[in-house]
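Okay, so here's the structure we're looking at.
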Amino acid sequence: VVGRNGSTMIQYKNMTDGNYTFIILSSNSEGDSLKSSKLFIPSKEYRIAKPEIIKLLADSGKYTLSWKAAPKHNARITSYTVFWCNSSSNSPNDCNGSINFDYVDGDKQNYELNNVSSTLNFAVAANVEELSSGMVWASCTATQKNDIGKLKTIWIPAMQSTYIDLEWKLECGDSAIVEGYSIIYCPINNLPREQTCKGNETTHNITGQTSYRIEGLKPYVTYKIQIAMFSKSRIGPRSDPLFNTTLEAAPSEPRDLVFSEVRNDSVALHWKPPLHINGGKMNYEVWYNKSKIKVYTENYTSDQTYILRGLEPFMNYKIIVLAFTIGQSNASNSVDIQTEIGTPGEIQQPGSEVSSDSRLSIVWQPPERRAGCLEYYELKVKTN
């Protein structure tokens with residue numbers, strides 16, 4: 001196989017597992033080189049576990065590569081080989097020109113390269129005597145970057161009434177210098193294009209993760225959320241804001257229930273709306289003893305007045321109010337009333353008893369609905 005146009009890399013795919021020996025030599029129109037390089041690659045069973053690159057930093061001409069040994073490496077590492085080359089593209093393992101290398105003792109897990117102005121790709125290999133793990137390329141091309149960029153990829157995988165989950169993804173170049181993230185959020189008014197915070201901003205600084213749950217939020221409130229990356233010495237610009245509204249929840253209880261204008265069949269009720277509505281639409285239920293009635297209102301955020309009708313005269317009632325969105329609130333304070341005296345109910349057909357030739361006894365039952373304290377009856381007698 002001939003590498004064309006000065007290429008110093010070739011890739012073989014779909015090779016079966018086994019021991020391989022590669023011999024590399026130069027060639028031109030005059031023939032092949034006298035000397036060659038030999039590369040032996042053992043089968044998987046005998047290969048050394050590959051190290052893991054954990055960070056590649058680039059700042060003001062200085063590169064720092066850090067790695068750690070494989071968790072289950074099966075032999076004592078005698079040395080590491082660090083490779084680097086000029087990058088020819090955004091690919092982390094594509095080289096333009098020669099691949100440089102240097103050896104590092106087996107007990108070290110970082111490497112510094114100074115006074116470099118070009119963009120480089122890095123790799124590392126673990127060595128045990130004459131065997132090697134093979135090269136592990138850093139996932140990012142190391143550019144000379146002094147400024148922290150703006151986080152571009154953020155999404156919300158889950159949300160409930162009191163929390164919002166965030167996840168984000170770094171651009172390849174940002175991962176080299178980012179130490180952590182500032183999560184900044186605040187509630188806003190539910191108006192189109194309204195981006196001004198309705199309260200104070202809250203900030204949480206986190207490190208070592210690319211996901212976060214914002215907890216302790218209020219139900220059915222729209223929040224503006226931004227993330228800013230920071231390094232050891234500076235903080236970057238905020239991301240474009242995300243706007244999201246938490247889910248609905250049951251409202252808090254209606255407040256300050258009072259009554260007025262008690263009649264023999266009705267009462268006027270007054271109450272204030274819940275302090276936290278927690279939803280987009282709300283209605284009420286008025287309970288009086290074991291009965292209830294739904295109360296629908298268009299302006300559910302204002303103080304309410306409702307005339308409760310159909311009550312029995314001279315009856316004791318305990319009244320409470322509940323609020324509903326997607327769930328039921330706790331009960332309001334209760335009020336106890338007694339309706340005014342009303343008209344008694346109809347008396348059933350009286351009976352009669354003849355006690356003597358001159359005396360007739362009339363007998364009847366009191367009305368089922370007394371509607372007050374019965375003081376006397378009127379008896380109408382008609383003779384034939």
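The values are calculated or read from the model by the stated rules, or taken from the named source; none is laboratory data. Since the model is a prediction, treat every value here as computed from it, not as a measurement. Here the Cβ is made from the backbone with ideal geometry for all residues, glycine too, and neighbour counts use every protein chain on show.
Has region 232-249 got at least one residue that is among the aromatic types (Phe, Trp, Tyr) and modelled with pLDDT of 95 or more? Scanning region 232-249 turns up no residue that is among the aromatic types (Phe, Trp, Tyr) and modelled with pLDDT of 95 or more. When region 348-372 is filtered for residues that are part of a loop (DSSP other than H, G, I, E, B) and free of Cβ contacts under 8 Å to residues at least 24 places away in the same chain, the ones remaining, listed by number, are Gln348, Gln349, Pro350, Asp357, Ser358, Trp364, Gln365, Pro366, Pro367, Glu368.
Among the residues examined, Val116 qualifies as modelled with pLDDT under 90, at negative phi, of a type in the set (Val, Ile, Thr) and within 44 Å of the chain's Cα centre (by Cα). Taking the conditions exactly as written (of a type in the set (S, T, N, Q) and either out of contact with any Gly (no Cβ under 9 Å at 6 or more places or on another chain) or outside the structural domain of Thr343 (by TED's automatic domain parsing) (or both)), does Ser266 satisfy them or not? The answer is no for Ser266. Which numbered condition trips up Lys292, out of (1) more than 37 Å from the chain's Cα centre (by Cα); (2) surrounded by fewer than 16 Cβ atoms within 10 Å (Cβ to Cβ); (3) farther than 30 Å from Gln160 by Cβ? Going through (1) more than 37 Å from the chain's Cα centre (by Cα); (2) surrounded by fewer than 16 Cβ atoms within 10 Å (Cβ to Cβ); (3) farther than 30 Å from Gln160 by Cβ one by one, Lys292 breaks only (3). Only residues that are touching a Pro at 6+ places or on another chain (Cβ under 9 Å) and either outside the structural domain of His276 (by TED's automatic domain parsing) or hydroxyl-bearing (Ser, Thr, Tyr) (or both) were counted across region 301-354, and they come to 7. What pairs can you find where one residue is in region 21-42 and over 19 Å from Glu129 (Cα atoms), the other is loosely packed, with under 10 Cβ neighbours inside 10 Å, and their Cβ atoms are less than 7 Å apart, with a gap of 6+ or different chains? Here the result reads Ile23/Lys38; Ser27/Val2; Ser36/Ile23, each pair linking region 21-42 to a residue that is loosely packed, with under 10 Cβ neighbours inside 10 Å. Which residues, counting only those in region 366-383, are within 21 Å of Arg263 (Cα to Cα) and either charged (D, E, K, R) or surrounded by 10 or more Cβ atoms within 10 Å (Cβ to Cβ) (or both)? Within region 366-383, Pro367, Glu368, Arg369, Arg370, Ala371, Gly372, Leu374, Glu375 qualify. Count of region 107-133 residues, restricted to those that are within 10 Å of Tyr80 (Cα to Cα) and aliphatic (A, V, I, L, M), is 4.
Listed here are the strands (runs of 3 or more DSSP E) enclosed by region 186-297 that have at least 2 residues being farther than 30 Å from Pro344 by Cα and in contact (Cβ under 8 Å) with a residue 60 or more places away in the chain: 222-230, 235-238, 242-245, 255-260.
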